Amino acid sequence: MYIGKIASSSSHIAYVCQVYNKGETDAVPLPQDYGFGTFVGVERSDGSYLVGVIYDTPLQNPEFGNLGPRLSPRDDLSVFAPDYLEEKVTLVAIIILGAATADGVMLQGVPAVAAEIDAPVRRLEQREVAGFHADTTGAALGYVPLLTSMNSPLIPHLLLLIIEQLCGLFPQDAQRLTVLADNLAWKARVEPLG
């Protein structure tokens, strides 16, 4: 399911996706379609896509604090001003964890080519998430050092959620993943204390 399009970037791997509003797509995504920890694909024109995960959800309302008079009530805007652009948007922050080539080869780590503005963003299917994490030894999380180096209080919670998802996709690795989750949970509790 397509959830939106790339609106901006703050680095080679950190993007902001504008979630589709009513009228921009046939099926408007629901909040659970772009929730925290959702794996997404940012499509490229060559058939490949970047693999990322949603780690934050800022909302934007430019009308907040604008208490001036209105020429038309909001409900009448579609009739009197059909070209009126809805400026209230939901944005989701995406961190790129790797990429998938056009022929389906999955690569974890920083991709060489960045996304483009207005690139479509879709929610990945479970088989794609499993394929991205599959390795000859089981579940691979080669991007953990990249995430842990980010200065965000959400990252430990994101990693714990990812590991929880992977335990369901790789039951044979659940014990190994649980050890990693316990270590990350301990660090999340102890590091803020200094």
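The values are calculated or read from the model by the stated rules, or taken from the named source; none is laboratory data. Fair warning: this is a prediction, and the values are worked out from it, not measured in the lab. Cβ placement follows ideal geometry from the backbone for every residue including glycine, while neighbour counts extend to all protein chains displayed.
If we scan the stretch 166-174, do we find a residue that is under 24 Å from Leu124 (Cβ atoms) and either in the same structural domain as Ile13 (by TED's automatic domain parsing) or of a type in the set (D, E, K, R) (or both)? Yes; the residues of the stretch 166-174 include at least one that is under 24 Å from Leu124 (Cβ atoms) and either in the same structural domain as Ile13 (by TED's automatic domain parsing) or of a type in the set (D, E, K, R) (or both). When Gly142, Gly138 are checked against the criterion of being at negative phi and surrounded by fewer than 17 Cβ atoms within 10 Å (Cβ to Cβ), a single residue qualifies: Gly142. Do we have any residue at all in the stretch 109-121 that's under 16 Å from the mean Cα position of the chain (by Cα), among the β-branched types (Val, Ile, Thr) and under 20 Å from Gln175 (Cα atoms)? No, the stretch 109-121 contains no residue that is under 16 Å from the mean Cα position of the chain (by Cα), among the β-branched types (Val, Ile, Thr) and under 20 Å from Gln175 (Cα atoms).
In the stretch 1-55, which residues are in a loop (DSSP other than H, G, I, E, B) and in contact with a helix residue (DSSP H, G or I) (Cβ under 8 Å, 6 or more places away or on another chain)? Across the stretch 1-55, the qualifying residues are Met1, Ile13, Phe36, Gly37. Scanning the stretch 134-159 for residues that are within 16 Å of the chain's Cα centre (by Cα) and within 30 Å of Ala27 (Cβ to Cβ) gives Tyr143, Leu154, His157, Leu158.
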